[in-house]
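Structure, as structure tokens:
The values are calculated or read from the model by the stated rules, or taken from the named source; none is laboratory data. Note that the structure is a prediction, hence the values are computed from the model and not measured. For neighbour counting, all protein chains shown are included, and Cβ atoms are generated from backbone atoms with ideal geometry for every residue, glycine included.
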């Protein structure tokens, strides 16, 4: 899966190597392909683990391309590395410390609406493949967490991007992401399984 993801990322970059996004006021030509890179921060939690709050902070980064059908509508394909999980918030009055760190290779497929001004609205789904997981309780790493976490995840994504600058090659992106499939067994009886929930802030550069 990791090798296939790297190959797909290389193909996305190659497809967009000569493409430039038509955001500039001096460039109104319609292009079929746009491409770019994105890096940012995930603020994540796991619903169903008896913890609350987006306390787990992780890195996310990857490449993206837009296949434009007209000046307003496009389909976006991304290949991302994404750190997810959960953590307790530091509290001097509570000695309990917990952190669950999950690393995914992720492929989102999104439908985008570009208002041709400065806003791009996106919604879609993502497939994630877990390739590393680590659980630390009160400073001690557990040994069996990999058996309790699913290797595959399907999630939905909603978000938006605001384009910055005169040429609009830069963008600030915010998205909300939530698992559709469960990634493990829940610690709560009224919750069917563990669910990754993320708030993500990214910076995007369009070639």
Kindly list, by first and then second residue, each pair from a residue in the range 37-58 that is under 25 Å from residue 170 (Cα atoms) to a residue that is in a strand (DSSP E or B) and at pLDDT below 95, limited to pairs with Cβ atoms under 9 Å and residues at least 6 apart or on different chains.
37/206
Given the structure, is residue 37 crowded, with 20+ Cβ neighbours inside 10 Å and at pLDDT 95 or above?
no
Among the residues in the range 7-15, are any at pLDDT below 95, within 30 Å of residue 184 (Cβ to Cβ), surrounded by 12 or more Cβ atoms within 10 Å (Cβ to Cβ) and under 18 Å from the mean Cα position of the chain (by Cα)?
yes
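Give the number of residues within the range 99-117 that are surrounded by 15 or more Cβ atoms within 10 Å (Cβ to Cβ) and at pLDDT below 95.
Result for the range 99-117: 1.
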